[in-house]
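In what follows, a single structure is set out as structure tokens and then discussed.
The values are calculated or read from the model by the stated rules, or taken from the named source; none is laboratory data. For clarity, every value in this text was computed on a predicted model and none was experimentally measured. Cβ sites come from the backbone with ideal geometry, for glycine too, and all protein chains shown count toward neighbours.
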Amino acid sequence: MNITVCIVEDDAELRENISSYINASPGFECLGAYGTAEEALTAIPRQNPQIAIVDINLPGMNGIQCVRNLAQILPALQITMFTVYEDTHRIFDALAAGACGYLLKSTRPEKLLEAIREIHQGGSPMTSHIARKVVQAFKPAASTVLSVNQLSVREQQVLDLLAQGYPYKVIATNLGLSLSTIRTYVQRIYEKLHVQCRTDAVVKYLGATPVGHRPF
């Protein structure tokens, strides 16, 4: 039985090249190729492929939001990002949205097929550069552990809920605090961890705090 794939890529030539290569490869079938997230969200749920390859930098709705929506509609769909970007923020935003893999567009065609096969078998394919970034981000450096340990119990509770993806309003309700108080805690967390955004704070927290030692 063929591994079924859909592609979301705004570059028409690249989109056609990938879909043609997949269809010409034994054991693989491209069910559809789309230039926008909006088109993909309309068509892919009807086609119900096993795997989707999604570009991050799409016109209109971006690829990360497309992944998040597809993951909600089709929980069994395995998604890998296909992009020119290597920065840590985009990598973790994509993975947090529901992507299972992260590949660069410089990936050779035969390696792309290997990645599709790997994700179909339950793996999380990443190019070596991306994998190194992920490992480095989660490696618990001593300074990171020290920074997390400087957080108060309440700050760790807030950060734990941030790490689970909850918005400020839900965190405030769960902890019985006001929205402005949550914002104050978040700002203190940023200052103590020496970060400037939620993603970096979560990465530091997850890398430094074993699951059994988290407040929730």
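For the range 32-40, state whether one or more residues are closer than 19 Å to Glu114 by Cβ and either in the same structural domain as Tyr102 (by TED's automatic domain parsing) or touching a residue at least 12 places away in the same chain (Cβ under 8 Å) (or both).
no
Show the residue pairs meeting these rules: Cβ distance below 7 Å; 6+ apart or different chains; first residue within the range 156-170 and not assigned by TED's automatic domain parsing to the domain that holds Glu191; second residue at pLDDT below 85 and hydroxyl-bearing (Ser, Thr, Tyr).
Qualifying pairs under 7 Å: none.
Cβ-Cβ under 7 Å, sequence separation 6+ or interchain: first residue in the range 63-86 and at pLDDT 90 or above, partner assigned to a helix (DSSP H, G or I) and charged (D, E, K, R). Which pairs?
Ile64/Asp93
Does Thr144 satisfy the condition of being in contact with a helix residue (DSSP H, G or I) (Cβ under 9 Å, 6 or more places away or on another chain), among the hydroxyl-bearing types (Ser, Thr, Tyr), modelled with pLDDT under 85 and under 30 Å from Asp11 (Cα atoms)?
It is false that Thr144 is in contact with a helix residue (DSSP H, G or I) (Cβ under 9 Å, 6 or more places away or on another chain), among the hydroxyl-bearing types (Ser, Thr, Tyr), modelled with pLDDT under 85 and under 30 Å from Asp11 (Cα atoms).
Across the range 112-125, what is the number of residues that are exposed (fewer than 15 other Cβ atoms within 10 Å of the Cβ) and modelled with pLDDT of 85 or more?
Total satisfying the criteria: 2.
What are the pairs, 6+ residues apart or on separate chains, where a residue within the range 178-201 that is over 10 Å from Glu155 (Cα atoms) has its Cβ under 8 Å from a residue that is of a type in the set (Lys, Arg) and part of a helix (DSSP H, G or I)?
Leu179/Lys169; Leu193/Lys204; Val195/Lys204
Can you tell me which residues in the range 80-120 are among the basic types (Lys, Arg) and farther than 18 Å from Val202 by Cα?
Residues satisfying the conditions are Lys105, Arg108, Lys111, Arg117.
Quick one: in the range 20-55, which of the residues that are farther than 20 Å from Pro109 by Cβ and of a type in the set (A, V, I, L, M) is surrounded by the most Cβ atoms within 10 Å (Cβ to Cβ)?
Here the answer is Ala40.
Are any residues in the range 164-199 at pLDDT 90 or above and at positive phi, and if so, which ones?
Gly176
Can you name the helices (runs of 4 or more DSSP H) wholly within the range 152-208 that have at least 3 residues being closer than 17 Å to Phe92 by Cα?
Per the criteria, 153-163, 198-208.
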